[in-house]
Each structure stands twice: as C-alpha cells, then as structure tokens.
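**Q** Dumping the structure here so I can ask a few things about it.
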Amino acid sequence: MHSEPAFQWVGAVIRSHSTQFTTRGERSGHLIDRIAWRPALPPSLAKRAFRQRVPLLRLLCQHASRPECSAPPSSPTATSLLVWFRRDLRLHDHPGMALALKDIQAARRDDCASPSPASLALVYVFDSEECAALPLDALEYLVGAVRCLRQTIQTDSGGRTDLYVRVGVAADQVAQLCRQLHVQKVYVEDDWSELGQQALQRARAASVPLQLWQPLRMSHLPEVNTALRDATAADDTQVTLPPVVEFFDQYQQRAVTVSLSAAEERAPFEHVLQWMQCGAARWSLPEGTTTWGEIPSAEALQPPATIHSSSTRHLHACAGERGAERLLHSFLTTRDPVSTGTDTIRALSLPLWLGCISPHRAHAFIRAQAAAAPFDGRRRAAARDALAFLQQREWHLHLATQDRHQQHAWHYWDWQGVPIRYARWAPSTLTPASAAVLLVHGFGASIEHWQHNAEVLARHGYPVYAVDLVGFGRSMKPPALYTPDWWRQQLLDFVQQVVRQPVYVMGNSIGAYMSLSFAVAAVGATPAEATEPSRSRPDTVAAPLCRGVVLINAAGPIREPSLPPPPPPPPLSLRALLRTPSAAWLSAEVILWYLQRNIRRTLQRVYPVNPHASTRLEKIIYRSSTDPGAKHVLWSGFRLPPARPINELIQALAHTHPLPVLMLQGALDPLGKVGERGTLLKTLCPSIELVLLHAGHCPHDEVPEQVNAVLLEWLQRQEQQQQEMEESAPATPTQQQAPASPAQVPLSSLTTVPPEM
C-alpha cells in the first residue's frame, strides 16, 4: 500500500534521472511536476519505476492518458486563458494559439511549488450585428468555416475538447464567458478595419482582458512592426510610427520577409495538445453548461429582407483550411475559371477574409501547385495572378495599418478580404437627417474628390460617407476583371454593413453610373438594422435602402428605345482586337504610362473654369496609379461588354419604385456633348430634374459653392416630403414604402429644367 512519502520518493528518483528518459527535458520536467501533485500513481507503477528507470516516462504517459486520470479542477488562482476566434478560423500558423502555448509553459514554470494546471477555452461568437449585414452567400461561407474549425478541433484532440460557439453581440458574449471562467487573458487578433476596431473597443469597455496579436503577414517593415509590437505589449492605442511609406516600390525595397521557422509557430495547436495530454493544462467549460453550443444555419442569422449576391454561391463547401486548399487547387487547374465560378477573388479573398488559411500557407501551396506542372501555361498564369493578389493585399494592409495609426480622417472596411478605404463626416447638428449621403467618385479619382462637398453637407445635419471603389484610391486593386456589377455589389454591401441606414447616393462620371445602378438594385431592400423590428412585428415595413439619386456629369450611353442596340465589332476591327487579353494588356500599359505623365494637363482640361482647383488631386491620382494592379482596371475597360443605357436604368427605376433623380451637368465638359446628352435624357426620362452649370466634367470640385447650394435645396425638399409622407401615410405596407414624388419646384438662380408630370 503506497503512501504520499513513497510517491514523493518516486518523483525524486525520476527527477534525478529525467535527462536519461527523454531528449525533451522541458517536457520531462513538466511531467515530473505533474507527479508531485498527483497521488493516484498505482503501487505497481512505482515498483517498476525503481527496477526499470528508462521506460518510466513512457509508463507515466500511458497512465496520464487514461480517462480516469483527468486533471483536477483548477484553483481560483490558476491561469485561465481564452482564444477568441474572429478572422482567424484555422489552427495552423496561428499566433494567438502560439501565445497561449507560451503562457501555459510560463504558468507551469511559475507554479512548480504548488502546480495547478492552466485552463484554455476556444471560443467563436456569431456577432448578430455583423451577421445581419452580411450577404447570404458570405454568411454561408462563414458558417461552413466555423463548422470545419469545430470538426478539426474535435478530430485533432481525439474528442477531448470542442469549439465553444455563441450567438449574440460578440463583446458581450466574450465578457460573460470571461466572468464565468475567471479568464486572465483573451487572445484575439488585432483588426485593421474600422468595424473590427469598434468590436475590440466594445470588448475593452466590457472589461475583457484582451491580449492582441498582430495579423500574420508575409512581409513587413521592421521599424513599423517593432513600434506596433511595443504598443501592443504596453496596451497602448497611440502608436508613433516611423516615416510614412506611400509608394509600393519603397515598400518593396525596405520590407523584410517574415518566416515561420519554429514548430510552435507553424502548428501551435499540436503542441497545446501535447501539454494537455501530459496534464500541464486542461480544457475549460463554463459551470452548469452541458453543451458547447450549436452552429446556427445561415438563414437563421440572416434578416429576411437583404439583397443577396450570387458571386460566392456554393463555395461554402470549400470552407475551412482543407476547403481553402481545394478552392485554390480548382482555381489553378481549371481551364475556364469563369464558367466554373472560381476566379482570383473568390479563390483567395474569402479564405483570407476569414483566416481559413494563412498567407504563408497559401503562398507555399500556390508555388507547389505551379511547380507540379511547369509546362502548363494556364496553371502558371493562374499562379502568377494568385501570388500577385497576396502581394497586393500585403501592401494595402500596410497602408491600412499605417493610416489608422497616423490618425487620418478615413477608415478601412474589410470587404470579404479586400481592403476598402472610406471616410465618414458626422453631422454637426443635434437632429441629423433621416438618411445619409453616399458619395461615389469617378474614374481615377478617390474620396478626396468630395472634400468641399462632404464638410458642407455634414454641417447641415447629413451623415456623409465617401468610399473608394475597388481598383481606385487607396482601396485594393486585385488582379481581376472589373465590371459594373462588381462595383454595384460593393456599394450595396457598403451601405448594408457600414452605413446601415437609407442613403441619398451621389456620383460623378462613372461613379454617377454606378450610383444609378446601385439605386436600381437597392429597390425594395432595407438596411440591416432596420429589419430587426420586423422579425417580431411582421406588419412593420422598413424604409427603402435608397431615397434618391444625384447624377453629376454621368458617364454611360444614352440610346433611344426605338433604335436597335449597336452591333458587335467586326472580328478584324481595331475594337475587336483590343478586346483580346494580350492587346488589352499592352494598351493598358501604354495608356497608364501616358496618363501618369499627363495628369496635370488632363485635370486642367476637365477643369476649364477653375484649373487651379485640380492641383491638390495631382499627387493623389499619381500615387494611386503606382499601386500594383492599377493596370488591371484599364485592362478591364477594353474587355467589358457594352454598358446598359442610362435612360433604361432610369426607366426601370421609375417602373419598379420611382425615386427622385437630380442630374447636374457641367456645360463645358470637354469629354462629351453634355448639352445634347442632357436634352436627350430629359426627353427620354421626363421625371428627372436637370440643372446645367457653368463648369467642366467635375463641377462638384470646380464650383463647389454652386453645387452645394443645389444639393442642399434638393435634399431639404426630399426630407420635407419624406416627413410629410410618413405623417400622412395610412398603415398599409405598400403606401408606407411609397417615396416622395419627384421634385417640381425649380431651383433659383441656376439654369434648371424641372421634371414633367
């Protein structure tokens, strides 16, 4: 019959010879520590320990792995850790898991006198606010990724642990879990997007002990990484960064490649499992909880009235770490990626958006697939595009991190893996307007183009948003085919996920065309937060997503309905030749080279009344044109099919859900016959309101005082009519959704063509 002193004697004998039992001295020491507090060692094992010293550790490991020998519950002073999965739904290349492993080892070394195992919990929360704004297809991919993560945890741990899943406001759910488990540290990835920062700030306000780790990068600037690491260690949100790097070639010269050399960095979860098996740590589960939580379906998380896209349909089957590799393999090996529904964006942006695969693992997988078929031209081209996507994303994540810590007025939005820059001007009045204003720039421009308008609108009580379209400004320029449908979907997702209230959308040039396309697609849609009451009250109908459209020198064709559509170009014509990939790429190279050297001349040409107003845009446009991927935007312009005429979009909008449309035209625009276009469009669409201005292609920036006066008067009339309609509308859903009729009052002191009724 063994006693406690005899048990301690066995531990002392083993400790004196621990270096002979295993080459991993650290693991041996922790296993010996476990013996000291565990009196359940059988007498037979103690006798064998005295007679056979060498196989003792093996016997101890076999005994420790038995179910009846589970670790005792941790004391209140034991270290309790929590890994909060957000945009890192993987187990490999996971810095948060590696930090948890280091703290488990440190806690074990510090508690040698009276060891008590550290506890670890793995948690994911479906944030109700975020899920309500996501398209259904992206939500399906998210649900599939969480399901794959749970299956991987269950399989790798042999069923000993699971992923704890909750649904609700993420910060509140994590705070509640921390109180139940007495958590000392919560490991979570630092987020470069504004919405992610808001979630982390809410968690701090709820007293969640956050331990941030920087997103995994393939390359970084050493001085920037050092500043961010020091600020994270000190829990300081104010970071002083070194001199700004604004151009991609400068970043390439100074960036250092990040390599994951240690095994704990590549596969930290496997090392955590080893510590769990030897009793140095244990898994946590809240008291009184008998289930890990069910993973809801995408439909259960989705509001009933939301615009959906079909770009990622059926890709939820490729979620998770292994699914991401299957998706990449399909993209690299498929001969016709368009027909099979996979392209660079869908193959890479979604897995990287949710962190299903790390950039390092994606980079290594792509290079291995390309090396497996060195003579396959299609696979080499696809691998080149995929590697370019990873490189461009690294650059724009640097811009996003740099801009956030430089305290700029703009923010970044993670649009399913693609960094998008936007700006917000808060209303300065106590009673803001019932709808926000969304500003969409033209070709080659960015959010700075609206500086003189946004501030004035905000002072008059309107929340104002401006967004860089993908491919322009400081938004990412991925190697893909840019289409009007893609830009339109970006605006729809931006309004639902970021703005979250009805908008008046205003655009210039091609931005005006996209604004009109957005309004047509947004008919009948509702913002995410407005749909929440409708779940409990089915008779409640939310306001339309779009309240009105302002077109400023709109680009796009205008065609009379009686005329047939233009025939396709002959096969041997120059236009048909430019649509071929090689010719389009060469043309894009030449045009970009020419535009970069003639930015000032081009701006002065389209600013005939006030040429000096364009001076501040020269450096901004040039910097944007040097970003990797800028040529793809021009390349796409040669390959796009003919656009849908503007008058057809306006007529479709009038037939389905009539909205007020204001059209501002600079009469001196050198890029087209503006007078004839305005007259023709007014004839074809009598419901619009047309205003002619003495300006060029960008009157909102060239003569902002005149444009602001027109916009404010038009917006105030729409707000007044909307208020009158809501006050006098009967309690029928169809009449509650009816918008204000087009404005009929002519604007004063300007050339105005009022709408015809």
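The values are calculated or read from the model by the stated rules, or taken from the named source; none is laboratory data. Every value quoted in this text rests on a predicted model; they were computed, and no experiment measured them. Every residue, glycine among them, receives a Cβ derived from its backbone with ideal geometry; neighbour counts consider all protein chains shown. Protein only, heavy atoms only, side chains kept; ligands, DNA and RNA dropped before computing areas. Shrake-Rupley method; radii C 1.70, N 1.55, O 1.52, S 1.80 Å.
**Q** For segment 355-371, check the following and say yes or no: at least one residue is in a loop (DSSP other than H, G, I, E, B), open to solvent by less than 40 Å² (accessible area, probe 1.4 Å), farther than 30 Å from Gly556 by Cα and of a type in the set (Ser, Thr, Tyr).
**A** yes
**Q** Out of Leu200, Leu177, Leu181, report the one residue that is open to solvent by less than 10 Å² (accessible area, probe 1.4 Å) and over 13 Å from Arg86 (Cα atoms).
**A** Only one candidate qualifies: Leu177.
**Q** From the set of residues in segment 432-445 that are open to solvent by 30 Å² or more (accessible area, probe 1.4 Å) and out of contact with any Asp or Glu (no Cβ under 8 Å at 6 or more places or on another chain), which is modelled with the lowest pLDDT? Reasoning before the result, please.
**A** First, pick out the residues of segment 432-445 that are open to solvent by 30 Å² or more (accessible area, probe 1.4 Å): 432, 434, 443.
Filter once more, keeping what is out of contact with any Asp or Glu (no Cβ under 8 Å at 6 or more places or on another chain): 432, 443.
Working: Pro432: 77, Phe443: 90.
Residue satisfying both the conditions and the ranking: Pro432.
**Q** Here's another thing I want to ask about it. Starting from segment 587-608, keep only residues that are in contact (Cβ under 8 Å) with a residue 60 or more places away in the chain, then list their pairs with residues that are open to solvent by less than 20 Å² (accessible area, probe 1.4 Å) and not in a helix (DSSP H, G or I) whose Cβ atoms are within a distance under 7 Å, requiring at least 6 positions of separation or different chains.
**A** Sorted first by the residue in segment 587-608, then by its partner, the pairs are Val606/Gly696; Val606/Cys698; Tyr607/Gly696; Tyr607/Cys698; Pro608/Gly696.
**Q** I'd like the full set of residues that are outside any helix (DSSP H, G or I) and surrounded by fewer than 18 Cβ atoms within 10 Å (Cβ to Cβ), limited to segment 385-424.
**A** Filtering segment 385-424 for residues outside any helix (DSSP H, G or I) gives 406-424.
Residues satisfying the conditions are Gln406, Gln407, His408, Ala409.
**Q** Quick one: in segment 483-506, of everything that is aromatic (Phe, Trp, Tyr) and surrounded by fewer than 24 Cβ atoms within 10 Å (Cβ to Cβ), which residue is farthest from Gln718 (Cα to Cα)?
**A** The extreme case among them is Trp486.
**Q** Okay, moving on. Could you grab me the full set of residues in segment 609-643 that are over 26 Å from the mean Cα position of the chain (by Cα), charged (D, E, K, R) and modelled with pLDDT of 85 or more?
**A** Those that are over 26 Å from the mean Cα position of the chain (by Cα), charged (D, E, K, R) and modelled with pLDDT of 85 or more: Glu618, Lys619.
**Q** Any residue at all in segment 172-188 that's modelled with pLDDT under 75 and hydroxyl-bearing (Ser, Thr, Tyr)?
**A** The answer is no, given that none of the residues of segment 172-188 is modelled with pLDDT under 75 and hydroxyl-bearing (Ser, Thr, Tyr).
Each row is one residue, and each column tells you yes or no for (1) assigned to a loop (DSSP other than H, G, I, E, B); (2) open to solvent by 10 Å² or more (accessible area, probe 1.4 Å); (3) farther than 18 Å from Val550 by Cβ; (4) at pLDDT below 95.
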{"position": "Leu430", "(1), (2), (3), (4)": "yes, yes, yes, yes"}
{"position": "Glu448", "(1), (2), (3), (4)": "no, yes, yes, yes"}
{"position": "Ala458", "(1), (2), (3), (4)": "no, no, no, yes"}
{"position": "Tyr465", "(1), (2), (3), (4)": "no, yes, no, no"}
{"position": "Arg474", "(1), (2), (3), (4)": "yes, yes, yes, yes"}
{"position": "Pro478", "(1), (2), (3), (4)": "yes, no, yes, yes"}
{"position": "Leu481", "(1), (2), (3), (4)": "yes, yes, yes, yes"}
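**Q** Also, I was wondering about something else. Being closer than 27 Å to Glu394 by Cβ, open to solvent by 30 Å² or more (accessible area, probe 1.4 Å) and free of Cβ contacts under 8 Å to residues at least 24 places away in the same chain: is that true of Lys619 here? Outline the logic, then answer.
**A** Values: closer than 27 Å to Glu394 by Cβ: yes; open to solvent by 30 Å² or more (accessible area, probe 1.4 Å): yes; free of Cβ contacts under 8 Å to residues at least 24 places away in the same chain: yes.
Here the answer is yes, as Lys619 does meet what is asked.
**Q** Quick check, is Arg601 under 17 Å from Gly442 (Cβ atoms), in a helix (DSSP H, G or I), at pLDDT 70 or above and out of contact with any helix residue (DSSP H, G or I) (no Cβ under 8 Å at 6 or more places or on another chain)?
**A** no
**Q** Oh, and also: May I ask you to list the residues in segment 692-730 that are aliphatic (A, V, I, L, M), buried (at least 19 other Cβ atoms within 10 Å of the Cβ) and closer than 23 Å to Pro502 by Cβ? Spell out how you get there, then give the answer.
**A** Going residue by residue through segment 692-730, those that are aliphatic (A, V, I, L, M) are 692-693, 695, 703, 707, 709-712, 715, 725, 729.
Still in the running and buried (at least 19 other Cβ atoms within 10 Å of the Cβ): 692-693, 695, 703, 707, 710-711, 715.
Those that are aliphatic (A, V, I, L, M), buried (at least 19 other Cβ atoms within 10 Å of the Cβ) and closer than 23 Å to Pro502 by Cβ: Val707, Val710, Leu711, Leu715.
**Q** In this structure, is Pro222 open to solvent by 30 Å² or more (accessible area, probe 1.4 Å), out of contact with any Gly (no Cβ under 8 Å at 6 or more places or on another chain) and at pLDDT below 75? Please lay out each step first, then the result.
**A** Values: open to solvent by 30 Å² or more (accessible area, probe 1.4 Å): yes; out of contact with any Gly (no Cβ under 8 Å at 6 or more places or on another chain): yes; at pLDDT below 75: yes.
So Pro222 fits the description; yes.
**Q** If you don't mind, another one. Condition first: touching a Leu at 6+ places or on another chain (Cβ under 8 Å) and either of a type in the set (S, T, N, Q) or in a loop (DSSP other than H, G, I, E, B) (or both). Now tell me which residues in segment 483-508 satisfy that.
**A** Thr483, Gln490, Gln496, Gln497, Pro502
**Q** Among the candidates Val188, Val125, Val167, Val143, single out the residue that is within 21 Å of the chain's Cα centre (by Cα) and surrounded by fewer than 19 Cβ atoms within 10 Å (Cβ to Cβ).
**A** Residue meeting the stated conditions: Val167.
**Q** Another question, then. Mind listing just one residue for me: the one in segment 654-691 that is under 34 Å from the mean Cα position of the chain (by Cα) and buried (at least 22 other Cβ atoms within 10 Å of the Cβ) and, of those, farthest from Val549 (Cα to Cα)? Before you say what the answer is, go through the steps one by one.
**A** Taking segment 654-691 and keeping what is under 34 Å from the mean Cα position of the chain (by Cα), we get 654, 656-664.
Filter once more, keeping what is buried (at least 22 other Cβ atoms within 10 Å of the Cβ): 659-664.
Values: Leu659: 7, Pro660: 6, Val661: 5, Leu662: 6, Met663: 8, Leu664: 11 Å.
So, considering only residues that are under 34 Å from the mean Cα position of the chain (by Cα) and buried (at least 22 other Cβ atoms within 10 Å of the Cβ), the one farthest from Val549 (Cα to Cα) is Leu664.
**Q** Now for a different question. Mind checking which residues of segment 458-506 are over 28 Å from His398 (Cβ atoms) and aromatic (Phe, Trp, Tyr)?
**A** Tyr462, Tyr504
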